[in-house]
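Notes follow the structure.
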Amino acid sequence: MTKNPSQQAPVTIKTLSDLAKLADYSFMDTLNCDPNAKTDGVDHDPRQVFTGHYTLVNPTPIKNPEYITHSKEFFNELGFADSLAQSEGFMCLFSGDSSHVPKPMRTAGWATGYALSIFGTEYYQQCPFQTGNGYGDGRAVSILEAVINGQRWEMQLKGGGRTPYCRGADGRAVLRSSVREFLAQEHMHALGVPTSRSLSLYVSKTEKVNRPWYSEGSRSMDPDMLATEAVAISTRVAPSFIRVGQLELFGRRARKQEHPKAMKELEMIVFHLIDREYADVIDQKLTNAEKVIALAQAFRDRLTSLVANWIRVGYCQGNFNSDNCAAGGFTLDYGPFGFCDEFNSQYQPWSAGGDHFAFLNQPKAAEQNFKMFCNALLPLLESDQALSSQLVDIFNEFSTVMQKKMQKMWCSKLGLTIFNATLLNDLIALMEQTPVDYTLFFRELSTVPNNIETLKNSFYKPASEEVNTHWSEWFLNWKRLNACSDNKDTTPLSRDQLSKQMKLVNPKYSLREWFVAPAYQQASEGNYTLVRELQDVITQPYAEQPKDVEEKYYRLKPSELFDIGGLSQYSCSS
């Protein structure tokens, strides 16, 4: 599906017409459209979708859009001129008005269905029809696929209006959640964590909707008021937006033989995924069944690496259902996510999330999503018992692969060459007992201090004499292990070398919710200065930044902000 980079010269895209020339709609052109879809894309009422990989739907433009920001780095990667973000045609399209796009762009976008499973259990009852045929992109509308400098990208509007999967909702995203998602994607990319990318962010100057949210200073776990908020559209971009839940949907239909094309549609979406996301790692000479096995191995590798990276940077997905798990192995769907302030192994930003999606439980949640991924592939291997057994083996090895990735990650954070379980377990216990700030602690440790006094900059309260003694013992053990090498021919790193190495994996700046809230609050008043300032800071998370930036953004969470709704916990609507 993706063109060879050597076949396409780098481009500079200055106008929407320039971008239109690169349009290439592989998803709509090679997969099945819902036979009940309306060809004009005017399909905004909730209904069941029984077959097909997508349904045509026009985005619903926000009224009187205003520019907030765009990703300068991603624009540069794509060859987009910065001026494009505020040009009339680009603003119209990426704020939802596709009615006058230049050809060969299409006016109709597309939305997709998917299944829901929560921690490895299939669910149907949340579907308004109780059948599972109503789950899908309720407010996300893909509007463009384009091959740019040899790479295929899909561009999707978050908050682009109602689709057949909207389940009766309004199809809108509010400014608050749009700012959060835009900044989170920018931050995660800068952290080196695979993610969907942010392109642009526009807000309506006049259109508002009501959302449950928290009153000022509320300590409620759940929203306690109805807030009127401006609507916004952020554009997220990825090689594809195929989710594990999407494969599940077609796997379930094939397993139950729900319609004559069910097995064929499962096969089509799986091989489309391979073409879109794994063409560079799966040998095209393999048989189709062998490609399925290779896909499972490749996705397992990406998913385990992804989750280890999440924990490295203090990120918690919050709601890691299979429908929020990208089959391409990157971070997707920033809803009730959060970054750790005070370390807690059971940190969970979503007020209704439960322990199963908590911070250090994410490897287990990923394993459950991988189980559903493998279950979806099994119908394609029914005729080959040996390969079916191999797929089961690939799943059964998930926890071992995940454990190795986690151990490697902890070694990198701690600057060790050999994993030491006792050292890590003692550290986790001390971090929770003290407690400490997750980001600040590892950054301070990355300075390779002489004693624990520097580490106390990350402590939220003074430790007792007994706990300080334990910290000193742990620290001396850490220093001793770092002075060792697992290779007799390798000299241990110098202090400066070790510090430099650790600072490459332990960020200095994190996207803390108490930084984000003032930014979206100012933005609601038409002032986007703080959004752009925060964007500049969090897109350089490992860098030493000016003193005024450090004083503002490299610090402990103020005590008065703990347990505040919208800062320490948020509802799924966030």
Scan of region 192-208 for residues that are buried (at least 24 other Cβ atoms within 10 Å of the Cβ) and not polar (S, T, N, Q), ordered by number: L199, L201, Y202, V203
Checking the structure you have, find out if any residue of region 94-111 is hydrophobic (A, V, I, L, M, F, W, C), at pLDDT 95 or above, closer than 26 Å to Q521 by Cα and within 26 Å of the chain's Cα centre (by Cα). yes
What about L561, is it crowded, with 16+ Cβ neighbours inside 10 Å and aliphatic (A, V, I, L, M)? no
Does V179 satisfy the criteria of being in a loop (DSSP other than H, G, I, E, B), surrounded by 17 or more Cβ atoms within 10 Å (Cβ to Cβ), within 17 Å of the chain's Cα centre (by Cα) and β-branched (V, I, T)? no
Restrict the check to region 185-205 and report whether at least one residue is without any contact (Cβ under 8 Å) to a residue 60 or more places away in the chain and either farther than 20 Å from L78 by Cα or among the small types (G, A, S) (or both). no
Mind telling me which of the residues I269, I242, I274, I233 ends up being in contact with a Pro (Cβ under 8 Å, 6 or more places away or on another chain) and of a type in the set (V, I, T)? I233
Counted residues in region 302-354 being of a type outside the set (D, E) and either part of a loop (DSSP other than H, G, I, E, B) or closer than 20 Å to A173 by Cβ (or both) come to 33
Name every residue in region 72-100 that is crowded, with 20+ Cβ neighbours inside 10 Å, within 15 Å of L157 (Cα to Cα) and either touching a helix residue (DSSP H, G or I) at 6+ places or on another chain (Cβ under 9 Å) or aromatic (F, W, Y) (or both), in order of residue number. A85, F90, L93, F94, S98
Failed condition for R255, given (1) surrounded by fewer than 24 Cβ atoms within 10 Å (Cβ to Cβ); (2) outside any helix (DSSP H, G or I): (2)
Is there any pair with a first residue in region 3-32 that is within 22 Å of A108 (Cβ to Cβ) and at pLDDT 95 or above and a second that is surrounded by fewer than 16 Cβ atoms within 10 Å (Cβ to Cβ) and among the acidic types (D, E) whose Cβ atoms are under 9 Å apart and which are 6 or more apart or on different chains, and what are they? L16/E88
With respect to T69, is the statement that it is among the hydroxyl-bearing types (S, T, Y), in contact (Cβ under 8 Å) with a residue 12 or more places away in the chain, crowded, with 19+ Cβ neighbours inside 10 Å and in a loop (DSSP other than H, G, I, E, B) true? no
The condition of being outside the structural domain of Y347 (by TED's automatic domain parsing), out of contact with any Pro (no Cβ under 9 Å at 6 or more places or on another chain) and surrounded by 17 or more Cβ atoms within 10 Å (Cβ to Cβ) holds, among F459, F441, only for F441
State all residues of region 388-408 that are over 17 Å from N369 (Cα atoms) and out of contact with any Ser or Thr (no Cβ under 9 Å at 6 or more places or on another chain); if no residue qualifies, say none. S388, S389, Q390, Q407, K408
If the requirement is being crowded, with 22+ Cβ neighbours inside 10 Å, over 30 Å from Y554 (Cβ atoms) and small (G, A, S), which of these qualifies: A386, A326? A326
When you scan region 431-448, how many residues do you find that are outside any helix (DSSP H, G or I) and either free of Cβ contacts under 8 Å to residues at least 40 places away in the same chain or in contact with a helix residue (DSSP H, G or I) (Cβ under 9 Å, 6 or more places away or on another chain) (or both)? 6
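Yes/no matrix, rows are residues, columns are (1) touching an Asp or Glu at 6+ places or on another chain (Cβ under 9 Å); (2) more than 23 Å from H272 (Cβ to Cβ):
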site: A37; (1), (2): yes, no
site: D40; (1), (2): no, yes
site: T55; (1), (2): yes, no
site: F74; (1), (2): yes, yes
Filter result for the condition that a residue is out of contact with any helix residue (DSSP H, G or I) (no Cβ under 7 Å at 6 or more places or on another chain), assigned to a helix (DSSP H, G or I) and more than 16 Å from L295 (Cα to Cα), over I428, I418: I428
Is at least one residue of region 340-363 buried (at least 20 other Cβ atoms within 10 Å of the Cβ), on the phi > 0 side of the Ramachandran plot and in contact (Cβ under 8 Å) with a residue 40 or more places away in the chain? no
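The values are calculated or read from the model by the stated rules, or taken from the named source; none is laboratory data. This structure is a prediction, so every number in the text was calculated from the model and none was measured. Positions of Cβ are generated from backbone atoms using ideal geometry, with glycine treated the same way; all protein chains shown enter the neighbour counts.
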